Amino acid sequence: MGQKVNEVMTPAPVAVSPDTTLVEVGDLMRRHGIGDVLVVHEGRLRGLVTDRDIVVRAVAEHRDMSRTAVAEICSTNLITVGPAADADEAVRLMRAHTVRRLPVVDGDRPIGMVSIGDLAVQRDERSALADISAEPPNT
């Protein structure tokens, strides 16, 4: 029997409200050594923003980082997975939708995040991706 998503996910993901500025989001990413932050309103998942989103949708468009709200650039059409799903299902979803991370939700409430790196460590801890994913972040 394979592992479940809740066994490999990162619990308690960093989340912000939709009106949080990109400067604040970037600071959270730096402090936590992460590349993604969930956007949550009234406890419900509303979006996901990545460091790449900030670069492509804000920096490259010359937006004012201190005035642009994360809701203006975050992805809102999210692929999610439940905590009881098999880790193989998370891999299948990532492949099918070409994404590197999936919010783990209980209903529409986020409880974790599972990344391609989490799954690489779980599947083959000797792989290059697992080695890279297990290293502390560059801050």
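The numbers here are math on the coordinates, done by the rules we state, and not lab data. Nothing here was measured: the structure is a model prediction, and the numbers come from that model. Neighbour counts are summed over all protein chains in view; Cβ atoms, including those assigned to glycine, are modelled from backbone coordinates with ideal geometry.
So, of the residues in the stretch 34-53 that are among the acidic types (Asp, Glu) and surrounded by fewer than 16 Cβ atoms within 10 Å (Cβ to Cβ), which turns out to be farthest from GLU24 (Cα to Cα)? Give the derivation first.
Taking the stretch 34-53 and keeping what is among the acidic types (Asp, Glu), we get 36, 42, 51, 53.
If we keep only those that are surrounded by fewer than 16 Cβ atoms within 10 Å (Cβ to Cβ) as well, we get 42, 51.
Working: GLU42: 19, ASP51: 12 Å.
My answer is GLU42.
GLY82: small (Gly, Ala, Ser), surrounded by fewer than 17 Cβ atoms within 10 Å (Cβ to Cβ) and either free of Cβ contacts under 8 Å to residues at least 40 places away in the same chain or farther than 13 Å from VAL16 by Cβ (or both), yes or no? Please lay out each step first, then the result.
Details: small (Gly, Ala, Ser): yes; surrounded by fewer than 17 Cβ atoms within 10 Å (Cβ to Cβ): yes; either free of Cβ contacts under 8 Å to residues at least 40 places away in the same chain or farther than 13 Å from VAL16 by Cβ (or both): yes.
Spelling it out, GLY82 is indeed small (Gly, Ala, Ser), surrounded by fewer than 17 Cβ atoms within 10 Å (Cβ to Cβ) and either free of Cβ contacts under 8 Å to residues at least 40 places away in the same chain or farther than 13 Å from VAL16 by Cβ (or both).
For the stretch 1-110, which helices (runs of 4 or more DSSP H) that fit wholly inside it have 2 or more residues that are acidic (Asp, Glu)?
22-32, 51-54, 87-97
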